[in-house]
Amino acid sequence: MCRSIKTLRPPATPEVTDEDIRAAALQYVRKVSGFRAPAAHNREVFDQAVDAVAAATQELLDGLQIRGSAARHHTHS
């Protein structure tokens, strides 16, 4: 069955793997396409969409600034 997409940003998920990102991308593409597994004639476009969503997800996670983590901005007291 289709599992729901989990939050991947820290601290909800401290260690995010490529597998976590790929699984989230696959769930997204399955949900929006309505196909759990595409027919052969849709396989290429389905796989390309999973790759694109995974890449966008990685970009998002890389760009997020999370309060309380090893912050890029320091405030001096």
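The values are calculated or read from the model by the stated rules, or taken from the named source; none is laboratory data. Everything quoted here is computed from the prediction, not taken from an experiment. Here Cβ is always computed from backbone atoms with ideal geometry, including for glycine, and neighbour counts include all displayed protein chains. Keep in mind that these areas ignore ligands, DNA and RNA; they rest on the heavy atoms of the full protein, side chains included. Shrake-Rupley method; radii C 1.70, N 1.55, O 1.52, S 1.80 Å.
Figures for the structure shown
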{"item": "Residue match in region 39-58 (condition: at pLDDT 85 or above, among the basic types (Lys, Arg) and either open to solvent by 60 Å² or more (accessible area, probe 1.4 Å) or in contact with a Lys or Arg (Cβ under 8 Å, 6 or more places away or on another chain) (or both))", "result": "yes"}
{"item": "Complete set of residues in region 1-50 that are of a type in the set (Gly, Ala, Ser) and part of a loop (DSSP other than H, G, I, E, B)", "result": "Ser4, Ala12, Gly34, Ala37, Ala39"}
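Matching residues to (1) more than 27 Å from Arg67 (Cβ to Cβ); (2) free of Cβ contacts under 8 Å to residues at least 24 places away in the same chain:
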{"position": "Ser4", "(1), (2)": "no, yes"}
{"position": "Leu26", "(1), (2)": "yes, no"}
{"position": "Ser33", "(1), (2)": "yes, yes"}
{"position": "Arg36", "(1), (2)": "yes, no"}
{"position": "Glu44", "(1), (2)": "yes, yes"}
